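The values are calculated or read from the model by the stated rules, or taken from the named source; none is laboratory data. Note that this is a predicted model, so its numbers are computed, not measured. Virtual Cβ from ideal backbone geometry, glycine too; neighbours counted across all protein chains shown.
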Amino acid sequence: MGVLLCLDTSDRYLSVGLAKDGQIFAAISYEAWQKQSESLVEEVQKILVENHLKRQDICGVSVAKGPGSYTGVRIALSVAKTIAFSLQIPLYLSSSLEILRAKEGTSICLVNARGKRSYFAVYEQGKALVEDCIKTNEEVLFYVAAHPEYHLCGDVGYLGLESEESDVLSILAKDADEAHRIGNVHAARPVYLKDDYDKDRLRTVVRKAMISDLPRILEIGKASLHSTYSEKDLYFDMQENPIAYFYTALVDGYVVGYLDFFVTFNSATIVQIAVDEAYRKKGIGNLLLGAMIRECEAQGEPVEFLTLEVRKSNENAQRFYKKHKFAPVTVKKAYYDDGEDAVYMVRSLIHG
Amino acid sequence: MAKILAIESSCDETAVAIVDDGKLLSNIVATQISVHEKFGGVMPEIASRLHAENITVCLEEALTEAKLTLEDIDAFAVTRGPGLIGCLHVGLQAAKTLAMLYEKPLIPVHHLAGHIYANEYVGDFKFPMLCIVVSGGNTELVLMRDHMDFEIIGETKDDAIGECYDKVARVLGLPYPGGLPIDLAAKQGQHVYDLPVPDAGAGPCDFSYSGLKTAVINLVNSLRMKGEEVSVPDMARSFQDVAVGMVVDKSIRAAYEHHVKQIVLAGGVSANSYLREQMGKKLEGSGIELIIPPLWCTTDNAAMIAKVAARLYEQKIFAPLSLGVDPNWKIDHWKEF
């Protein structure tokens, strides 16, 4: 039976704990303001070694996701994400306020947000009576005075108040349940509350295509390009064709676009480029083209020109290519099987 | 032979690369440019947030492309500095965590050493060598008498050249990052605006860009107040002539003074076509070889970090798990961490 690793560096403290059956059996906790980046991983190693545990013994990670110190929250979360990803084990995220709560009754949970403000929430066991939010310290003091029956939790010296001792590690251990588990480890992100910037941004990467990408590539090609390429054609370009290069773009591991191009001596030709309609206008095409240019520059013999054909009616695509410094050179009559003309576009890669 | 996984997160690119005995097996970069475009510059807090989101995706893709698992990796390398502090923290945590879990060495790499060694993907180094390090955060001339032997012989006293490009681009209404748009606009323009060549005051190889930036801003504002139209191509050309001219002149002088065999360009601004062209012209018939990095190495990536890490692995230069970041790490102090 493995152990659960619990981590919190969301405020001034550094806390690392090991739990079995929901109970903490080893813990390290001390004030480490601005020393968390140096110390956290070392402390994790220390606690594992002291308890004669190897990485294979860790069966889950439970971590505070904020709100709190931006850097502090990111430190524990980056460590927790990396562990959960590496070992392919569950990752549990708890609010930094939620883990301050008292074992019983109703708790006002507070973290100093600085600038005369506080991160504030009210929890009754696992339930939030007031969700995590930001309040001015004045509002907080008013709320506290109005609710003398509630427990006051957190490091509240900055408000001139006294609080009860919190046991964040025990609560991180207790809360490591399905409700707190994040299915996709990559999607784990801190909660900042302040200045949330762009919630819908995608986590996109571009890499060389793999055979397992084929079903999605076929689907995207058919829908976006009316491509008649068969799985066999695509497989050939991906695996066997010596002049072909094939890249895929992924969002959280899901294939959303691809680029197939040929390099012949000093020029490279785009064979197909497509992005799933639901993911367009998000810069994915730019990333794919970037990968192509990178590949061209890594060739032994320098690639001097990028070329492509695009349907005359496809004005969006032509605009995209113009933005990327492709210039229309000529029109190829009845280039496509259905009789449509193609615009032939070229971009020079010669610098200077 | 050693397989090394390297992580780079010093500014606005989250990157992971894997090398095996010098051969690049994967090179993943999750760029944030589209996010920072909106702000006309890198916002440190936002960049740090994006790193925290991107890091495991990049790790996974780098391993997948290299067809390796973490158990196969012999050492984990990371950019320790210089860079934006919040950004550096994220890469550091990931690298330290992996080194701890898999009980493998942790290798701290200097970001600018990475940019310099990116040129090793193009050709072998010959010493003494002059490195022209020009980027959004740095402008310095570094003399190398041997591998991993760096002496800073000149540096900027205020802004970095790339930072200056970004600010000037913003004033001219050109997009971020400003390097390429100014470079392109300058090709269409003439040097008609009179801009002062800033005097760094200090050593003969030192630079100053703050004054040039202010001069452009003041000139543009005064022309607009007078109701005169500012020609963007002409202003871009006038600015670029001075900004790049300063780098070229000081570099050539330093190269002769130190009898170098080679000059290498490094950093984001080394993508600038005018800089590449001018350096090439000035060195014609000089017997000094010029190495220009491939364009993909002028932006931040982890392949260049892995290149340096492979060298440090041979020398067994490893860091303890208590390693911290250093946003102002000097290249000549790369062994101190």
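The table below gives the values:
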| read-out | value |
| --- | --- |
| Of residues in region A:219-278 being among the aromatic types (Phe, Trp, Tyr) and within 17 Å of residue A:296 (Cα to Cα), the one surrounded by the fewest Cβ atoms within 10 Å (Cβ to Cβ) | A:265 |
| Region A:20-50, residues that are over 17 Å from residue A:169 (Cα atoms), more than 11 Å from every other protein chain (Cβ to nearest Cβ) and at pLDDT 95 or above | A:50 |
| Any chance residue B:292 is surrounded by 19 or more Cβ atoms within 10 Å (Cβ to Cβ) and over 20 Å from residue B:139 (Cα atoms) | no |
| Odd one out for residue B:137, checked against (1) of a type outside the set (Phe, Trp, Tyr); (2) touching a residue at least 24 places away in the same chain (Cβ under 8 Å); (3) within 14 Å of chain A (Cβ to nearest Cβ) | (3) |
| Restricting region B:207-237 to residues that are in contact with a helix residue (DSSP H, G or I) (Cβ under 8 Å, 6 or more places away or on another chain) and part of a loop (DSSP other than H, G, I, E, B), the residue that is surrounded by the most Cβ atoms within 10 Å (Cβ to Cβ) | B:209 |
| Every residue from region B:176-204 that is in contact with a strand residue (DSSP E or B) (Cβ under 7 Å, 6 or more places away or on another chain) and under 17 Å from residue B:242 (Cβ atoms) | B:200 |
| Selection from region A:267-287 of residues that are in contact (Cβ under 8 Å) with a residue 24 or more places away in the chain and either in contact with a Pro (Cβ under 7 Å, 6 or more places away or on another chain) or part of a helix (DSSP H, G or I) (or both) | A:277, A:279, A:284, A:285, A:286, A:287 |
| Within region B:1-109, strands (runs of 3 or more DSSP E) holding 2 or more residues that are farther than 22 Å from residue B:314 by Cα and in contact (Cβ under 8 Å) with a residue 40 or more places away in the chain | B:13-20, B:23-31 |
| Residue in region A:88-97 that is surrounded by fewer than 18 Cβ atoms within 10 Å (Cβ to Cβ), within 16 Å of residue A:188 (Cα to Cα) and not β-branched (Val, Ile, Thr) present | yes |
| Evaluation of residue A:53 against (1) closer than 13 Å to residue A:11 by Cα; (2) in a loop (DSSP other than H, G, I, E, B) (one fails), failing number | (1) |
| Residue within region A:307-321 that is buried (at least 17 other Cβ atoms within 10 Å of the Cβ), among the aliphatic types (A, V, I, L, M) and within 14 Å of chain B (Cβ to nearest Cβ) present | no |
| Residues located in region A:152-192, provided they are buried (at least 19 other Cβ atoms within 10 Å of the Cβ) and among the hydrophobic types (A, V, I, L, M, F, W, C) | A:152, A:153, A:156, A:168, A:169, A:171, A:172, A:173, A:176, A:185, A:188, A:191 |
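A quick yes/no check of all residues on (1) of a type outside the set (A, V, I, L, M, F, W, C); (2) farther than 29 Å from residue A:349 by Cβ:
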{"residue": "B:192", "(1), (2)": "no, yes"}
{"residue": "B:205", "(1), (2)": "no, yes"}
{"residue": "B:225", "(1), (2)": "no, yes"}
{"residue": "B:228", "(1), (2)": "yes, yes"}
{"residue": "B:239", "(1), (2)": "no, no"}
